[in-house]
């Protein structure tokens with residue numbers, strides 16, 4: 001069912017981009033991308049492998065601040081304003097429900113958010129929030145969504161290379177792909193443990209990986225570049241160890257891969273229906289950003305389906321000593 005929906009989305013996206021003038025300046029990388037998207041319409045395993053190989057090309061990625069802003073705009077259209085995860089607000093609130101968030105608690109929100117998650121949780125659950133963001137663009141995007149909550153929601157920068165947070169201050173932490181930001185699991189979990197009050201709880205969402213087999217190596221390398229990752233994601237075992245070493249009791253590890261992929265496919269299908277007339281990208285940056293986002297999510301979908309990537313959530317609480 002999900003595979004059929006993804007093939008239909010690929011077909012629709014190919015039809016939508018045909019003839020776009022801004023795309024012609026990116027002819028070479030788009031040729032490989034379109035071959036991969038076209039192959040997705042056929043269910044045969046051999047063609048699926050060809051899709052991964054085609055999308056895993058080594059073409060240089062266009063770069064620049066205009067492109068970053070354009071990709072941010074597509075993220076808003078895919079997942080909802082300020083959200084960076086498939087499923088948008090519904091998924092964030094589903095994750096937050098695992099934690100006992102209330103107006104009496106202080107919640108650390110850490111990782112990848114552009115204000116959507118912060119606003120939704122503050123508005124619906126009333127918690128005191130400290131939102132730690134590492135990227136100046138994310139801070140700029142998040143600020144207008146966080147500002148209306150006044151003193152109850154504060155944005156603070158953090159360094160993934162050397163994470164440090166206010167000690168023993170937070171009751172709860174919701175960490176949305178913080179390791180993708182460049183943090184090492186052991187160092188990050190130790191910093192989170194130091195920031196939590198006694199018996200504090202954390203919910204961590206992260207993508208993990210295993211070594212890709214030869215037929216997926218090119219696609220894996222390309223995916224890393226498209227997501228701006230300087231290193232592959234850690235293994236599940238590495239995060240499990242880091243959680244235990246930091247002094248947490250691990251309660252639940254859940255694989256969200258199927259839910260994640262279904263929400264991504266739904267988001268793309270919904271957004272593509274609006275790519276007509278005046279809603280088509282009108283600049284080279286907007287067109288290129290759409291292609292890069294589509295390729296990144298195509299590859300992520302393929303690698304999750306192949307078992308190379310997994311999207312997991314961990315729920316843990318600080319041990320009482």
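At 10 °C and a viscosity of 1.306 mPa s, what translational diffusion coefficient does Stokes-Einstein give for the stretch 68-193, taking Rh as the Kirkwood radius over Cα pairs? Give it in µm²/s as a whole number. D = 110 µm²/s. May I have the pair-distance distribution P(r) for the stretch 75-116, computed from all Cα-Cα distances with 10 Å bins from 0 and rounded to whole percent? So the P(r) values, bin by bin, are 28, 51, 20, 1.
Residue order for 108, 93, 271, fewest other beta carbons within 10 angstrom first, comes to 93, 271, 108. If the chain linking residue 235 and residue 63 were pulled fully straight, counting 0.36 nm for each residue of separation and taking away their Cα-Cα distance, it would gain 59.0 nm. What's log10 of I(q)/I(0) for the stretch 98-171 at q = 0.19 Å⁻¹, Debye sum over Cα points only, no solvent? Per q value, in the given order, log10 I(q)/I(0) is -0.73.
Over the stretch 216-262, the hull volume per residue, using the convex hull of the C-alpha atoms, is 113 Å³.
No lab work stands behind these numbers, since they all come straight from the coordinates. The structure presented is a predicted model; accordingly, all values stated were derived computationally and were not measured. All Cβ positions, glycine included, derive from the backbone under ideal geometry; neighbour counts span all protein chains shown.
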